[in-house]
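Structure first, then comments.
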Amino acid sequence: MKASWYERQGRAREVLEVGRMDDLEPAEDEIRIRVAVSGVHPGDIKKRDDTFGTGMRFPRVVPHSDGGGWVDEVGEGVDPAWVGKRVWCWGAQSGRPFGTAAELVVVPQERVSELADSVPFEEAASIGIPGITAHRAVDLAGELEGKSVLVQGAAGAVGACAVHLARRQKARVLATVRKPEQQEVARRAGAHEVVLAGEGLEARLRSIAPRGIDHVIEVAFAANVEIDLALLRTGGSIATYATNAPRPEIPVWPLVFDNVRIDFLGSDDLPPKAKARAARELSASLAEGWRPFGKLDHYPLAAIAEAHEQVERGQPNGKVIVVVDE
């Protein structure tokens with residue numbers, strides 16, 4: 001099969017190779033997908049360049065966790081009716097060596113979801129990491145109908161998905177963005193109110209939500225924890241999936257006195273049942289016509305290094321797609 005891989009970590013152009021490798025065969029309870037498109041996420045970049053210094057668990061890695069395509073073979077224990085179905089998958093390279101940047105990928109059945117005929121593969125291949133992370137960040141708040149949710153950084157991939165999912169749960173959604181041109185992104189995702197970050201943010205948010213916020217979804221924990229705490233109602237919660245500083249100062253006693261719960265979310269290690277629940281809701285939203293990302297940049301597999309570099313440069317409210325089957 002045609003694939004891209006790396007055998008050492010480093011810069012995209014220095015380590016990514018494109019060539020042919022042996023076809024993968026599904027084991028028990030696994031599904032093999034003929035990949036049409038492969039999504040590229042910041043997490044894939046961090047694994048490739050060893051951002052967190054964890055090294056390589058496998059001697060060869062085919063990158064990317066998310067993809068879309070057709071089931072062409074199943075392992076023992078999987079209903080043969082899966083064969084031929086349009087699907088999307090997530091976590092293909094989570095704890096496994098071979099992801100979706102190849103003509104064939106093999107994943108556990110629990111990481112595969114059917115895809116409606118109306119949904120383009122590239123939309124589904126973009127949604128796994130940000131969508132499942134966002135779903136968990138929303139889901140941890142519990143029942144949200146009639147409650148207020150603040151999504152910090154709502155123009156990013158996770159943020160935009162979180163706005164949509166919180167709105168779907170009938171919450172009142174407030175969103176912050178860094179730039180004026182990002183306001184429309186948050187509004188399109190479903191935010192009731194959109195506020196520009198910057199000076200006076202706390203006061204402006206308080207004027208919109210004078211009774212306080214029930215739940216915060218946070219992209220820059222170190223920078224915003226004080227503002228979040230000031231806005232949260234007693235018994236409120238924060239779900240954070242990223243931080244602008246790795247070792248933030250945390251105001252422990254104010255958090256204790258207000259009984260604030262903080263959940264730290266890493267997409268690779270979310271509970272399998274939570275991921276499956278997220279996938280069902282994301283698939284339903286896509287089938288209903290939800291299209292979370294404004295722009296999808298396509299690259300052929302031969303140009304995968306350029307695709308990685310595009311992600312490194314940043315792609316506000318858009319995603320980068322590698323086309324495997326043209």
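Structure notes:
- Cross-link partners of LYS179 among lysines (Cα-Cα below 30 Å; sequence separation of 8 or more within a chain): LYS46, LYS47, LYS147, LYS170, LYS295, LYS319
- Under the criterion of Cα pairs below 8 Å and six or more residues apart, the relative contact order for segment 131-268 equals 22 percent.
- Shape category assigned to segment 131-268 from the gyration tensor of Cα positions, a/c cut at 1.5: rounded
- Filtered GluC sites (Glu not before Pro), segment 98-158: DSSP coil and at most 12 other beta carbons within 10 Å: GLU143, GLU145
- Each of ARG8 and MET56 was given a label point 7 Å from its Cα along the Cα-to-Cβ line. The distance between the two points is 0.9 nm.
- Taken over the chain, the percentage of Cα pairs per 10 Å bin, counting from 0 up to the bin with the maximum distance, is 6, 27, 33, 22, 10, 2, 0.
- Prolate/oblate/rounded label for segment 49-165 (Cα gyration tensor, a/c 1.5): oblate
Here, each number is a calculation from the coordinates, and none is a lab measurement. The structure displayed is predicted, hence computed values, not measured ones. Note that we place each Cβ from the backbone using ideal geometry, even for glycine, and neighbour counts take in every protein chain shown.
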